[in-house]
Every structure is written in structure tokens, then in C-alpha cells.
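Student: Before anything else, here's the structure in question.
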Amino acid sequence: FHCDKDTIKITELLKKGLASKKKTANELISFYGHELLGTPYVAHTLEGEEELLTINIDELDCTTYVETLYALARTTLSGRYSWRDYANNLENLRYRRGIIDGYPSRLHYISDWSIENVSRGNIEEVTSDLPGARTQIKNIDFMTTHRDAYPQLKDSATCAKLREYEIGYRNHKYFYIPKNQMGSKKLKESVQEGDIVGLATKIEGLDVSHMGVIVKDEKGDIYLMDASMSGGKVQIEPEDMNEMLRHSKTNQGIRVFRLKQE
């Protein structure tokens, strides 16, 4: 834990979620997303000499924000409000087979995260079912090809283990929604508030460069609620996603995920 107050804050949030009477996964993702608005953006909060189940809800980056919302929503759906249940759900999402086993066991790439968590019934990826979906083929190997940027990969055994997982994502094919479809009425009607979004990127070796959650305004336009590096906090982006992605040079479009509800 980042600090002792984390357990208290998690319990308080879970009690609020249960009291909200929201029944669906997407409603809960949106509810908790709004509860955490204003939380400071801080990068690399999971990094340390040893891979531990780090829990820090006072400082979030785009990935830990989405993970936090998932774990809160999953715990609430099970009718629980214990931080222990939250921690179990977080570990189950963040790591391969739901178990910490060193740095390479963390699901660093969203393609890997998606396949692993879809297979275990945690989430579903709905990208291919959305209007305008098309496929992309890439080698997903950014981390080991930029080894110097990751202190943990200085260890040769750790780097080799991660490279083993990357081999499974050579010529990896996945669906995405091109950004020129973001203004489409059909797409705006098909996505739901509380959907988890990954921004597909042109960066070589990388599939997704940013994550957040969809929120809608009264007109049905879609916005991204995220832990924003440029904004320095959890916020709803000021531009709708059509405009936001139109201005981006590296983002190609989106992938869409939903917490699977039993």
C-alpha cells in the first residue's frame, strides 16, 4: 500500500458504491470514475526493486486508474466492501493468471492484458462488434527493443522472460476503430458510458499508448475520462473524442473493453 489511508479510502469508496444502488458494471465504472476526479496524475507508481501488489489510489496514471475502477466495480458487483477483496480483484486483473510472479508476470501490453483477462472471464473486448472496426497487424515488442527505458530489464533473465511473452505477439492481429469514425452516429450510439478505452497508437512495437473510460454528454457525444498527464490529474478531457483524436499525430483510433458481468 502507498499509505495506511489507502485501506480506509478503499473501504469508504466501496461503501459509497454499494449505497449508490447501481447494478451494472458500466454504471459502476462511471460512478467510481467520477468519484476519483481530481486525483493527481503520477507516473510509474508501480515501479520498484521488487514486484509487489502496489495499491495507490492517491496518485494514478492512465493504467492504474482503469485498474482501480475495475477492482472497485468488480468488488461492488460481488456485494463486498473489504479492501482485501479489492486487492484480490486488482491482482487478478493486473497479472498473468492473476498471480504475481515477478516483473514479467505483469500484463504490460494491452493486447496481452485483453487476451489474458478475456480468457479468465474478467472483461470482454467489444471492438470487433462496433461500427467501422478494422484490423491492424503489428509486432508488440516495444519494451525489450527499448530496454534502457525500463530499469527492471537491466536484469538479463527478466528481459529474456518478457521477450518470451513478446514472441507470442509477433504479427499480432487486433481490431480497432479508426479515429475518422469517432464522429459517426452509429459508433456513438454503440459505445456505452463506462466502457474502457485504449488508444491505439502508430508507435512501432506498441499497441495502445493510453487508457481511459467513456463518458457521454446530453447530446450523446463521447468524451474520455482519464488520468491525464497533460492535465496533471484525473479529468474529463475538454474536447470530445472525435476532436481529441483528430488533433493527435500518433493515435490511430480506439479499442473498447467492458467489464464482464455474470
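The values are calculated or read from the model by the stated rules, or taken from the named source; none is laboratory data. Just so we're clear, the structure is a prediction, and the values are computed from it rather than from any experiment. Glycine also receives a Cβ, built like all others from the backbone with ideal geometry; neighbour counts cover every protein chain displayed. Heads up: the accessible areas ignore ligands, DNA and RNA and are worked out on the full protein's heavy atoms, side chains in. Shrake-Rupley method; radii C 1.70, N 1.55, O 1.52, S 1.80 Å.
Student: Have a look at 240, 217, 61 and tell me which one the Gaussian network model of the chain (Cα, springs below 10 Å) gives the largest fluctuation.
Tutor: Looking only at 240, 217, 61, the largest GNM fluctuation is found for 217.
Student: Right, next: Does the range 88-162 come out rounded, prolate or oblate, given a ≥ b ≥ c as the square roots of the eigenvalues of its C-alpha gyration tensor, rounded meaning a/c under 1.5 and, failing that, prolate meaning a/b above b/c?
Tutor: Because a/c hits 1.5 or more and a/b fails to exceed b/c, the range 88-162 counts as oblate.
Student: Sticking with this structure for a sec: Extent of the range 139-262 along each principal axis, from alpha carbon coordinates, in Å, largest to smallest?
Tutor: 52, 34, 31
Student: When Lys and Arg each count +1 and Asp and Glu each count -1, what net charge do the other residues less than 11 Å away from residue 60, Cβ to Cβ, add up to?
Tutor: That works out to -4.
Student: Lys and Arg at +1, Asp and Glu at -1: add these up for the other residues within a Cβ distance under 9 Å of residue 45 and post the number.
Tutor: So the environment of residue 45 carries a net charge of -3.
Student: Which order do 120, 134 take when ranked by solvent-accessible area (1.4 Å probe, heavy atoms of all protein chains), largest first?
Tutor: 134, 120
Student: If I compute solvent accessible area with a 1.4 Å probe over the protein chains, what percent of it on the chain is carbon and sulfur?
Tutor: Looking at the chain in its full context, I get 47 percent from C and S.
Student: Can you give the accessible area of residue 74 in Å² (nearest 10), computed on protein heavy atoms with a 1.4 Å probe?
Tutor: For residue 74, solvent-accessible area is about 40 Å².
Student: Also, quick follow-up: Return the label of the correct value of semi-axes √(5λ) of the Cα gyration tensor in Å, as calculated from the structure shown, out of [x] 37, 19, 17; [y] 26, 25, 17; [z] 40, 29, 16.
Tutor: [y]
Student: Another question, then. For every helix of n ≥ 4 consecutive DSSP H residues, a contribution of -39,500 (n - 2.57) applies; sum these over the chain, divide by its total residues, and give [θ] at 222 nm rounded to the nearest 500 deg cm²/dmol.
Tutor: Computed ellipticity for the chain at 222 nm equals -10500 deg cm²/dmol.
Student: So which GluC sites (Glu not before Pro) in the range 13-99 pass both tests, a DSSP loop state and at most 13 other Cβ atoms within 10 Å of the Cβ?
Tutor: 47, 49, 50
Student: So, one more: Roll a 1.4 Å probe over the protein chains and send me the accessible area per residue for the chain in Å².
Tutor: Averaged over the residues of the chain, the accessible area is 48 Å².
Student: Between beta-carbons, use under 14 Å as the cut-off and find the net charge around residue 148, counting Lys and Arg +1, Asp and Glu -1.
Tutor: Net charge around residue 148: +1.
Student: I would also like to ask the following. Lys/Arg Cβ at +1, Asp/Glu Cβ at -1, dipole of the chain taken about the Cα centre: which of 65, 235, 31 is farthest positive-ward?
Tutor: 31
Student: While we're looking at this one, here's another question. What does the charge dipole of the range 221-262 about its Cα centre add up to, to the nearest 20 debye, if the Cβ of each Lys and Arg holds +1 and the Cβ of each Asp and Glu holds -1?
Tutor: Here the size comes out at about 240 debye.
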